[in-house]
Amino acid sequence: MTALDIPAATGIEPPGSPAMRRLRHLKAESWIMLAGIVAILVALIAFMALPLYALLKKSVEDDKGAFVGLANFQEYFTSAGLVQSIGNSLTIALLTMVIACVLAFAFAYGLTRTCMPFKRVFRAIATIPILAPSLLPAISLIYLFGNQGLIKGLLFGETIYGPIGIMIGMVFYIFPHVLMIMVTALSTTDARLYEAADALGTKPVRVFFTITLPGAIYGIVSAAVIAFTLTITDFGVPKVIGGQYNVLATDIYKQVVGQQNFSMGAVVGLVLLMPALFSFIIDRHVQKKQVALLSARAVPYHPKPHKTRDMAFLGYCTVMAMFLIGILGTAAFGSFAKFWPYDLSFSLIHYDFDAVDPNGWSSFYNSLRMAALTAVIGVVIIFLGAYFVEKGQSFVRLRGIFHMLAMMPMAVPGLVLGLAYVFFFSVPENPLSIIYATLPILVVCTVVHFYTVSHLTMLTALKQIDKEFESVSASLKVPFYKTMLRVHVPICLPAVSEVMMYLFVNAMTTVSAVVFLYSPDTKLAAITVLNLDDVGDQAEAAAMAMIIVATSFTVRMLHAFLMKSLNARHSAWRTRSA
Amino acid sequence: MARDGNSKSASERAFLEIRDVTKKFGDFTALKDITLDIIDGELICFLGPSGCGKTTLLRAIAGLDFQTSGRIYQNGRDISDVPPADRDFGIVFQSYALFPNLTVAKNIAYGLVNRRMGRKAITERVEELLELVGLQGSGSKYPAALSGGQQQRVALARALATSPGMLLLDEPLSALDAKVREHLRHEMKDLQRRLGITTVMVTHDQEEALSMADRIVVMNHGIIEQVGTPMEIYRNPTSAYVADFIGSMNFLHGRMGTGGRVQVGRLKIALDGAGTEFTKGDDVVVCIRPEDVAVRELEQVRSNKYAMSVREVEFLGSFCRAILDVDGDKNAELIADFSINLMRDFDLKRGAKLKVALPTERLQAFRDDKRGEHI
Ligand SMILES: Nc1ncnc2c1ncn2[C@@H]1O[C@H](COP(=O)(O)OP(=O)(O)O)[C@@H](O)[C@H]1O
Ligand SMILES: [Mg+2]
């Protein structure tokens, strides 16, 4: 082009709004991104927001679908039995929260602030509960302290069927979750604070209360909130061991499955949503503050050996580890014992599930299929969603809305989500009702149920990737999806594996979200545990729970193996002399 | 082609024309009515303190973030609303943004693979580029195995691979050690001159800008303070802000008196031509660079000669920096750079008395609005 061909630079804006002009220039890749964001957004609305709305609507309708205003709520709050459950739930949740936080804090302190041996072993043992459905600790406790319990004398006449059993079972079940946050809170400290205190000759007790505790306070609050929420929304433990002691979670189940009173179920669901929502908001608030606390560059703390302290924590952690192993071991032992407690000889008869339940083994295969689908479909959607939120170039507002929606599942207890699905998908007029009572609805429900944590894991991984990759890619005229596949996906493989394992294990163990949604053909292993326990086949229930544990454990090992080989490969990207 | 920007012939159009570009982030205006021509083949530097809007302007040129209003033309084509993929540039970031999981060769070939080039042609082009940036034989390494300077060169090679019409560099050297940085300055400038590629470089390092740029755009809070060659910018800053930002400068605050003289403490400074725009009583700041304070051959200087004493001497290697004053008058303190030679000849040390002159042709005067100094 010669200079004379060129029209003068007028500097005049062409007609139309800038947004419209830019839309005309939009490349195919931008449309692809827009379509992707909209698709996931619509899916989250259809599979979370709308069902929750259906639940809300149900709570103000009678059984025939007529609007009755707040009549259901009035009925609920005048029913002494139901209101009693609120008190029970709060009592259990608060007590469990305190006990679990104290135990987990001490355990985390041992792991991070002492020089006791076997830290890695203790860490691994502490994750045992994640592998099992929450029904398992309750079953084990019945083996130990139930009517025919081996060591029920230790309760001095108290019964395990009730608050005591629920609390012990819950402590087992939530321990790893609480511990994880405590470890993080205690790991992120500044060694210089301790050196300063040392230099001033501060007494250890004072150091603990003026430095250690305040430094970990946000983590502790966060852990307490998680403990509270997990306890108040869990259904497995109180269902198995609660006896006559009613809590909100079991009330929903009784109203819906027992009495077919859907409107009342919806009301209890909304009541259960309140504490969960409340703790979610507290947690969000606290996490924001914690981020600010961590942003300062700190010198990592390395504990110095101290014989009595280290021995004391070794002792404590050993006791705690024995508790965790003991609960798991009891279920295993019970499942292999021929006839508890009279004939404890080894036998596999309780693993012949088909003898007691026609859908016994098939429910396990259903679980495998469901968990695999959840992991694969889930990780694809979650990766794309997180990628759009973190790396998307335009559509700022849309991405913001999407991120907000992605945070919501965390605040919705599984039982409430499952119930909402019933109300939304069972209506024949809803075109989406074709998935009702199928495996896909279980997959969808599970992906949504565990969306937030996976989304955040993926976001964290993506945030660590240079934010200019998209700009470089655009300047080289390579569409974003090619760079995503060639660069982001390989770099994120550890997080991808992590999320897949998380989804798989949770899909194997979850009961609450799917308990309303399965059909005889799509029954899951964890539901079978519940049913077997319900009809008194305790050994078979324990056996099926052990099968679930074994499967989760295998997947975990697979993940660990994968991480090891990924690490080997990634280190090739990092070493100085390739 | 003309490089000095001031003498553009009528038929010659700028390669890139920026007209009234404004960029807002919410209520905050990051760029305000930026108008600038960038000439074909020149290396132009956006220079200014951190946060003044350099990157924002660069990203608007690239189309990575659209301007709020204003137009941008490349070769006469209005590219204001065109996405980056339809513009014609290569870019290097401060972080280099090399793909860690791809080898050096694959990084460089990244934009080529998408152009339906044959595999052989790509290999050849990559070899050529590796040679161009002096990294022969490193193609199979991963970026992490390279030093910072080498990574920077890979990023440059990747940006140049598709032979773009324009090269954009955002603080390309600031992640490097001082030594490597100095070395790469020359290398990059040399490469740019050989390829004749129009280059926009963002930097907050005035030395870098002075040594590399054909022209410098000094920016401040979203506006352009001055555009010119390094020599123009250094010799004739048009504002106290630019004077202060580039090099060292004495700022003598005073008040305009009669006869074109400014009263600074006990000194009376004649301004000659520089003072015509002021009237008596104006607050004025008189500027002179430390190296322009004259000591030798004072007989040829007619005005602005003062007897001063040396209050402090700082040895800085190849030269000395002296603080001079008149009988301890803090209002008329003067920093002067003297060669070691001169120090010896005049036997200058603390407390010494000497005669200095402030040559009028070296003086600049600005209205004293107490802005922009000592950042
Ligand atoms: N995405 C953004 N949102 C809000 N403010 C921004 C954004 N990007 C830059 N800014 C602000 O615009 C100003 C100019 O930024 P930038 O162009 O990056 O400065 P620099 O000259 O250091 O490159 C800064 O004050 C910065 O805080
Ligand atoms: Mg910048």
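The values are calculated or read from the model by the stated rules, or taken from the named source; none is laboratory data. Here the structure is a predicted model, which is why all the values come from computation and not from measurement. For neighbour counting, all protein chains shown are included, and Cβ atoms are generated from backbone atoms with ideal geometry for every residue, glycine included.
Does A:Asn88 satisfy the criteria of being more than 28 Å from A:Val448 (Cβ to Cβ), in contact (Cβ under 8 Å) with a residue 12 or more places away in the chain and not assigned by TED's automatic domain parsing to the domain that holds A:Val389? Reasoning before the result, please.
Working: more than 28 Å from A:Val448 (Cβ to Cβ): yes; in contact (Cβ under 8 Å) with a residue 12 or more places away in the chain: yes; not assigned by TED's automatic domain parsing to the domain that holds A:Val389: yes.
In short, yes.
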TODO: Collect the residues in the range B:33-59 that are assigned to a strand (DSSP E or B) and either within 15 Å of ligand 1 (Cβ to nearest atom) or among the hydrophobic types (A, V, I, L, M, F, W, C) (or both), keeping them in residue-number order.
DONE: B:Ile34, B:Leu36, B:Ile38, B:Leu43, B:Ile44, B:Cys45, B:Phe46, B:Leu47
Task: Qualifying positions in the range B:78-104 - surrounded by 22 or more Cβ atoms within 10 Å (Cβ to Cβ), within 7 Å of chain A (Cβ to nearest Cβ) and not in a loop (DSSP other than H, G, I, E, B) - done: B:Pro84, B:Gly90, B:Ile91
Task: Candidate set: the range B:42-64, residues that are away from chain A (no Cβ under 14 Å) and among the small types (Gly, Ala, Ser); chosen: the one nearest to B:Arg215 (Cα to Cα) - done: B:Gly48
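Among what's in the range B:227-247 and is of a type in the set (Val, Ile, Thr) and in a helix (DSSP H, G or I), pick the residue that is surrounded by the most Cβ atoms within 10 Å (Cβ to Cβ).
In the first step, residues of the range B:227-247 are kept if they are of a type in the set (Val, Ile, Thr); the result is B:227, B:229, B:233, B:238, B:242, B:246.
Checking the rest, the ones that are also in a helix (DSSP H, G or I) come to B:233, B:242.
Values: B:Ile233: 28, B:Val242: 25.
Here the residue is B:Ile233.
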- [ ] Determine if the range B:105-121 includes at least one residue that is crowded, with 18+ Cβ neighbours inside 10 Å and among the polar types (S, T, N, Q).
- [x] yes
Open item on the list: All but one of (1) within 16 Å of ligand 2 (Cβ to nearest atom); (2) under 18 Å from the mean Cα position of the chain (by Cα); (3) buried (at least 22 other Cβ atoms within 10 Å of the Cβ) hold for B:Glu42; state the number of the condition that does not hold.
Closed with: (1)
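Listed residues A:Val247, A:Val256; which is surrounded by 20 or more Cβ atoms within 10 Å (Cβ to Cβ), of a type in the set (A, V, I, L, M, F, W, C), at pLDDT 90 or above and not assigned by TED's automatic domain parsing to the domain that holds A:Tyr518? Break it down stepwise before answering.
On the way: A:Val256 fails: at pLDDT 90 or above.
It is A:Val247.
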TODO: Quick one: in the range B:160-188, of everything that is closer than 18 Å to B:Thr203 by Cα and within 14 Å of chain A (Cβ to nearest Cβ), which residue is farthest from ligand 2 (Cβ to nearest atom)?
DONE: B:Met166
Open item on the list: Checking B:Val200 against (1) within 12 Å of chain A (Cβ to nearest Cβ); (2) within 16 Å of ligand 1 (Cβ to nearest atom); (3) hydrophobic (A, V, I, L, M, F, W, C), only one condition comes out false. Which one?
Closed with: (1)
Task: Test: B:Arg153 is closer than 17 Å to A:Val472 by Cβ, more than 14 Å from chain A (Cβ to nearest Cβ) and charged (D, E, K, R) - done: yes
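Among B:Thr203, B:Thr199, which is the only one that is within 16 Å of ligand 2 (Cβ to nearest atom), modelled with pLDDT of 95 or more and under 21 Å from B:Leu98 (Cβ atoms)? Before the answer, list the steps.
Numbers: B:Thr199 fails: within 16 Å of ligand 2 (Cβ to nearest atom).
Going through B:Thr203, B:Thr199 in turn, the sole match is B:Thr203.
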Open item on the list: Where the second residue is within 13 Å of ligand 2 (Cβ to nearest atom) and aromatic (Phe, Trp, Tyr) and the first is closer than 10 Å to B:Val202 by Cβ and lies in the range B:52-78, which pairs have Cβ atoms under 8 Å and are six or more apart or on separate chains?
Closed with: B:Lys54/B:Phe46; B:Leu57/B:Phe46; B:Leu58/B:Phe46
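What about B:Ala307, is it of a type outside the set (Val, Ile, Thr) and over 30 Å from B:Thr198 (Cα atoms)?
Yes; evaluated as a whole, the condition is true for this residue.
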Open item on the list: Filter the range B:324-342 down to the residues that are in contact (Cβ under 8 Å) with a residue 24 or more places away in the chain, part of a helix (DSSP H, G or I) and within 31 Å of the chain's Cα centre (by Cα) and list them by number.
Closed with: B:Asn331, B:Ala332, B:Leu342
Task: Failed criterion for B:Ile223 (all others in (1) more than 13 Å from B:Ala365 (Cα to Cα); (2) within 16 Å of ligand 1 (Cβ to nearest atom); (3) crowded, with 19+ Cβ neighbours inside 10 Å hold) - done: (3)
TODO: For the range B:107-117, indicate whether the set of residues that are at pLDDT below 95, closer than 25 Å to A:Arg569 by Cα and within 16 Å of ligand 2 (Cβ to nearest atom) is non-empty.
DONE: no
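Only one of A:Thr460, A:Thr510 is away from chain B (no Cβ under 12 Å), crowded, with 20+ Cβ neighbours inside 10 Å and either among the polar types (S, T, N, Q) or touching an Asp or Glu at 6+ places or on another chain (Cβ under 8 Å) (or both); which?
Working: A:Thr460 fails: crowded, with 20+ Cβ neighbours inside 10 Å.
When all the criteria are applied, what remains is A:Thr510.
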Task: Complete set of residues in the range A:188-214 that are modelled with pLDDT under 85 and either of a type in the set (Gly, Ala, Ser) or buried (at least 18 other Cβ atoms within 10 Å of the Cβ) (or both) - done: A:Thr188, A:Thr189, A:Ala191, A:Leu193
